[in-house]
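The values are calculated or read from the model by the stated rules, or taken from the named source; none is laboratory data. Treat the numbers as computed from the prediction; the structure is a model and nothing was measured. Methodologically, a virtual Cβ is constructed for each residue, glycine included, from the backbone with ideal geometry; neighbour enumeration extends over all protein chains shown.
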Amino acid sequence: MTESRHLGECLDGQRFWNDVQSLASIGALQPKGIRRLALDDQDNQARLWLVEQGRALGCQAYYDAMGNVFIRREGKAPELAPLLVGSHLDSQPQAGIHDGALGVVAGLAVLRTLHEQGIDHLRPLEVVAWTNEEGARFTPGASGSSWFAGQRDYHAIVSTLDGSGIRFGDALDDCLELLKEHGLTYRPEPFIPHTFLELHIEQGPVLEALNKPIGVVSGIQGVNWYEVEVEGQANHAGTTPRQVRRDAFDGAHEFVSALKATVLEQDDDLRFTIGKFSLWPDSVNTIAQHAAFTIDLRHPTQSVLDTLDARFHDLAKRQWAGCDTSLKVTSHVAPVAFPEHLLDVLRDSAGRYCPGTPELVSGAFHDAIHLAHVCPTAMLFTPCRQGLSHHPDEHIEREDAEVAARVLADAAASLLG
Ligand SMILES: [Zn+2]
């Protein structure tokens, strides 16, 4: 497919931007933003919108047992593993219109460009929309991609409940029924793709600060989640002398100070966050008997996370302000470094439209972190204003998004053969 090495130059930027806006009308909030919770009516309608667009381009639509939707443009060698390009269509309850959707619509723009240019390619191309990336309605998120990549168990996913007690599995059944009614082909099992590419908004401030329309993502930070409990002794706030107090808040405070000191010895890429903190019995004039808090620890390098994990556990063995502490890991996702050969493809394509394209590590999770376990995977970021996302005010510039879609198209073209 030598003639299409620069496929991105032929991409219709206006049409791409129009598609982004049409999709945003599904689940639209006033005055702006969207609400498409995983597997709700709007999320399902967004799937059907994608199917309709794909069919108009002569593509075939498939769905799997997790409701992931695939729009396939056949290759001259249909037996080859397909190149997957996409992201997710579901959103947070009060969301911007580009988180996830941009990556799916950009995939569609690549399909459209191939179709309009009448280009045949060796390898099949599939645009994918993964189910429940956000985890806003059913927690945890990335259900579709983690199941597809064999990272999470089907039964564990379908048995989760939303806030009103609806089972994931029941909502999924309705979605699958709808997809069947609309004539999609059921392809229940996951498969091994040739490559997965995901374009996503950055959801951080780096690219905007650099004034660059795109960034090549070299990997995704790993994360450890912890729950910490500190056990003291409740007593009267006024009558208990200082030397006999075992104040769980004091214990937590000293322990956190020690953890922070350890963290500060590490490089700037380390992220340490205490996002939840509670005391019991939670009374103004009672010494806290019990303190509990969470830690979210992130870094792009596994060995750094391992070192800190060991240090944290050592520190938890000590007494702090006379209190016992316990530390428990509640979740661990290993960091991912995207393969160099694929980063080179993106660097090449990116350099054509944006010389000096920066490279960055993703601080947030994406479907790509799971796909990286089954096939070569990489991502592109495009900036969003002030790094804001998960909010209707999330904003991107059309010119940036167009560059990102063109780079994606070129990279796809060189992988399709
Ligand atoms: Zn997203």
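Within the option set Arg406, Arg347, being in contact with a strand residue (DSSP E or B) (Cβ under 7 Å, 6 or more places away or on another chain), away from the ligand (no atom under 16 Å from the Cβ), basic (Lys, Arg) and at pLDDT 95 or above holds for one residue only, Arg347.
Every residue, every condition in (1) within 16 Å of the ligand (Cβ to nearest atom); (2) out of contact with any Leu (no Cβ under 9 Å at 6 or more places or on another chain); (3) modelled with pLDDT under 95; (4) part of a helix (DSSP H, G or I), yes or no:
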residue: Leu197; (1), (2), (3), (4): yes, no, no, no
residue: His200; (1), (2), (3), (4): yes, no, no, no
residue: Gly204; (1), (2), (3), (4): yes, no, yes, no
residue: Ala209; (1), (2), (3), (4): no, yes, no, yes
residue: Pro213; (1), (2), (3), (4): no, no, no, no
residue: Val216; (1), (2), (3), (4): no, no, no, no
residue: Glu229; (1), (2), (3), (4): no, no, no, no
residue: Gln233; (1), (2), (3), (4): no, yes, no, no
residue: Thr239; (1), (2), (3), (4): no, yes, no, no
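Residue by residue, here is whether (1) in contact with a strand residue (DSSP E or B) (Cβ under 7 Å, 6 or more places away or on another chain); (2) touching a residue at least 60 places away in the same chain (Cβ under 8 Å); (3) closer than 27 Å to Arg152 by Cα; (4) not in a helix (DSSP H, G or I) holds:
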| position | (1), (2), (3), (4) |
| --- | --- |
| Ala258 | no, yes, no, no |
| Gly275 | yes, no, yes, yes |
| Ala288 | yes, no, no, yes |
| Ala291 | yes, yes, no, yes |
| Val304 | no, no, yes, no |
| Ser331 | yes, yes, yes, yes |
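For the stretch 68-80, the condition holds for at least one residue, the condition being that it is within 24 Å of Val345 (Cα to Cα), buried (at least 23 other Cβ atoms within 10 Å of the Cβ) and not aromatic (Phe, Trp, Tyr).
Scanning the stretch 101-141 for residues that are outside any strand (DSSP E or B), touching a helix residue (DSSP H, G or I) at 6+ places or on another chain (Cβ under 6 Å) and within 16 Å of the ligand (Cβ to nearest atom) yields a total of 7. When Leu408, Leu415, Leu346 are screened for being closer than 19 Å to Gly100 by Cβ and of a type outside the set (Val, Ile, Thr), only Leu408 passes.
When Gln92, Gln42 are checked against the criterion of being assigned to a loop (DSSP other than H, G, I, E, B), of a type in the set (S, T, N, Q) and either under 22 Å from Thr131 (Cα atoms) or out of contact with any strand residue (DSSP E or B) (no Cβ under 8 Å at 6 or more places or on another chain) (or both), Gln92 stands alone in meeting it. Within the stretch 350-395, the set of residues being in a loop (DSSP other than H, G, I, E, B), touching a Pro at 6+ places or on another chain (Cβ under 8 Å) and more than 16 Å from the ligand (Cβ to nearest atom) comprises Cys354, Val374, Cys375, Pro376. Within the stretch 227-235, the presence of a residue that is farther than 30 Å from His290 by Cβ and among the polar types (S, T, N, Q) is excluded.
Would you confirm, using the coordinates I've provided, whether Pro383 is in contact with a helix residue (DSSP H, G or I) (Cβ under 8 Å, 6 or more places away or on another chain) and within 19 Å of Arg271 (Cβ to Cβ)?
It is false that Pro383 is in contact with a helix residue (DSSP H, G or I) (Cβ under 8 Å, 6 or more places away or on another chain) and within 19 Å of Arg271 (Cβ to Cβ).
On inspection, His6 qualifies as of a type outside the set (Phe, Trp, Tyr), under 25 Å from Arg406 (Cβ atoms) and away from the ligand (no atom under 16 Å from the Cβ).
I'm told Pro190 meets every condition in (1) over 15 Å from Thr131 (Cα atoms); (2) more than 16 Å from the ligand (Cβ to nearest atom); (3) not hydroxyl-bearing (Ser, Thr, Tyr) except one. Can you identify the failing condition by its number? Every condition holds for Pro190 apart from (1).
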